[in-house]
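All remarks here apply to the structure that follows.
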């Protein structure tokens, strides 16, 4: 009995030892298999993931494809060649206060900003192209725009009156102090539903009224945006003349404008109820019949420069051709930024691929105090001066 019990105990002990050994062997094999599987997953993930160094290289790759590909790709994507792009970055750094951040250089910030303006890219599209987060793209967009608006007085050109040496056919007839042309245009915007009524223009478009003044080379001298689309042109001009940063028109000089404005001192308009626009002249088979038609014909040829400037501005920056989804005050800042960039490109790229118009201009007028026009009222003296100018043209024409 004791022997059987002893053998039974020995069998149980042996079974326990075998089970323990098998369990230990299973745990070792399982642990080894887990290590091998982990290594395989790490190897597989290493092929699809990237380190911080690889991510930075991928972010720079898109910018390098634009800049290093040549001037053609740079103009198509950023609307300026590589030389102008480098100069713009230099101005924004040294005069606008734009600096490198921890992970984003100034060159990449400016490229993202120009790409959004040139092609009206949405935030998500830009973040995908440059491999940045949407918050990063938005923050640097506003940072570059603030730096650019600091160059407002630098990038707007000084007016240059037409002198007696001018031989350009549209302008040589206005050589007694003509500085350029002005007009308004409407830029579509998004506004809250409660404000749509006052921002609706006469054509039914929700827009802001942009007052633009340009010289003979389509460079903007002054720009005022923010007025509702329903505001009259003359009302916007009166506001521009009385603001703190007023639109300055020296006495003895004037700008060409259409009949949306009064024929007042400093602003020369055509004759009313007389043929004016180019489509009214057809193929020029019917010549001007009197001094008023001749004046209107030459006035329209010269004043057309502001229409070309607006057309070139909207052609270059797609964000102006359709409403953007920024707040209204940001949309107004975007319009001014596009105007400043337009002047910068015209000055830095003499061979503008979008327009080949170019003309030599004289010296800027000197800035003197208390010699500017501050009112906008029609006067008989100015009407008589226009008649004298028209008669002089008619006598030379005959």
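Values computed for the structure shown
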quantity	calculated
Modelled FRET efficiency - R0 30 Å, residue 3 with residue 24, Cβ distances, 0.05 increments	0.40
Three-way shape label, region 52-150, alpha-carbon gyration tensor, a/c 1.5	rounded
Among 241, 78, 179: highest mean-square fluctuation, GNM of the chain, C-alpha pairs under 10 Å	241
Most to least packed among 134-147, 3-16 [average Cβ atoms within 10 Å]	134-147, 3-16
Highest average packing first - 189-201, 337-349, 101-113, Cβ atoms within 10 Å	337-349, 101-113, 189-201
Extended-chain gain in nm, criterion 0.36 nm per residue less alpha-carbon gap, residue 32 and residue 60	5.9 nm
Order of 382, 317 - criterion: other Cβ atoms within 10 Å of each residue's Cβ, fewest first	382, 317
On Cα atoms only, tilt of 134-149 relative to the major axis of the chain in degrees	30 degrees
Calculated over region 158-397: convex hull of Cα atoms, volume per residue (Å³)	144 Å³
Percent breakdown of C-alpha pair distances by 10 Å bin, ordered from the shortest bin, for region 229-346	11, 31, 35, 19, 4, 0
Using alpha-carbon coordinates, inclination of helix 328-348 to the longest axis of the chain, degrees	70 degrees
Using alpha-carbon coordinates, inclination of helix 52-67 to the longest axis of the chain, degrees	30 degrees
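Read-outs throughout are calculated quantities, based only on the coordinates presented, and are distinct from any laboratory measurement. Just so we're clear, the structure is a prediction, and the values are computed from it rather than from any experiment. Using ideal geometry, Cβ is built from the backbone for each residue, glycine included, and neighbour counts are taken over all protein chains shown.
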